[in-house]
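Everything below concerns the one structure shown next.
Derivation of every value follows stated rules applied to the coordinates shown; laboratory data play no part. Everything quoted here is computed from the prediction, not taken from an experiment. All Cβ positions, glycine included, derive from the backbone under ideal geometry; neighbour counts span all protein chains shown.
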Amino acid sequence: MSRWLPSTAWLRPGIVRPGLVTRDQVLLAAKAAIAAGLAWVAALAADPHSRPYFAPLAVLLVVQPTVYDSLSRAFQRVAGVVVGVAAALAVSRVLAPSAWSIGVIIFIGLIVGWTARLGLQGVVQIPVSALLVFLVGRTTPGYAGERIVDTLIGAGVAVIAVLLTPPAPAPAPFCRRRSRRWVVARRS
């Protein structure tokens with residue numbers, strides 16, 4: 001057998017290249033890449049003078065194989081960003097940037113996220129957003145609002161992309177063959 005697969009191997013329902021990347025992973029990567037580009041375009045249309053790098057980043061973090069997982073991550077990300085931005089705006093009136101203030105922001109952000117049970121992405125997003133807005137937002141007017149808008153656009157585009165594109169079907173023959181072996185092996 002040849003080391004290289006035929007050029008149409010990626011169309012087969014199984015594996016793209018044995019041991020490297022599955023067909024489902026290629027389709028998910030394509031979905032995320034296209035949605036990230038569309039999120040960039042949408043965010044630039046919303047504000048032509050911005051650099052909306054958080055919109056494609058939100059897509060990358062939100063797009064998942066299932067609609068449920070994507071919606072869950074979108075909610076966690078948006079909630080985490082909004083809470084983090086609000087916390088940074090409140091804290092920036094009282095604290096100046098220092099090692100202690102950064103530690104306090106991260107500590108409080110994580111505790112708030114865990115208390116609210118936002119899920120892993122939401123929990124981490126609170127201190128990340130708070131830290132960025134606390135440090136970068138001081139020198140960049142409107143940064144906090146742009147962060148929220150870009151995240152909303154990216155999460156929205158990601159959810160729409162997942163809703164509009166069908167999930168990759170599982171390779172049925174492989175699953176059936178495996179389940180028969182399991183049943184036969186279990187009876188022995």
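Things to note:
- Sum of side-chain charges, PRO65 neighbourhood, beta-carbon under 13 Å (Lys, Arg +1; Asp, Glu -1): +1
- Neighbour net charge for ALA155 - beta-carbon separation under 14 angstrom, K R +1, D E -1: +1
- Segment ILE34-VAL94, length gained on full extension (0.36 nm per residue, minus Cα span): 17.4 nm
- Amide hydrogen neighbours beyond the local backbone of VAL21, cut-off 5 Å, H modeled: VAL16
- The ellipsoid equivalent to the alpha-carbon distribution of segment 17-165 has semi-axes of 29, 18, 12 angstrom, derived from the gyration tensor eigenvalues as √(5λ) and listed largest first.
- Kirkwood hydrodynamic radius of segment 93-160, from inverse mean 1/r over distinct Cα pairs, in Å: 13.0
- Backbone N under 12 Å from the PHE107 label point (7 Å along Cα→Cβ), restricted to segment 57-95: none
- Segment 27-67 shape via C-alpha gyration tensor axes, a/c threshold 1.5: prolate
- Each peptide in 117-130, 48-61, 97-110 was scored by the mean count of other Cβ atoms within 10 Å over its residues; highest first, the order is 117-130, 48-61, 97-110.
- Within-11-Å neighbourhood charge of ALA46 [Cβ basis; K, R +1; D, E -1]: -3
- FRET efficiency, 1/(1 + (r/R0)^6) with R0 41 Å, evaluated for ALA45 and ALA116 via beta carbons: 0.80
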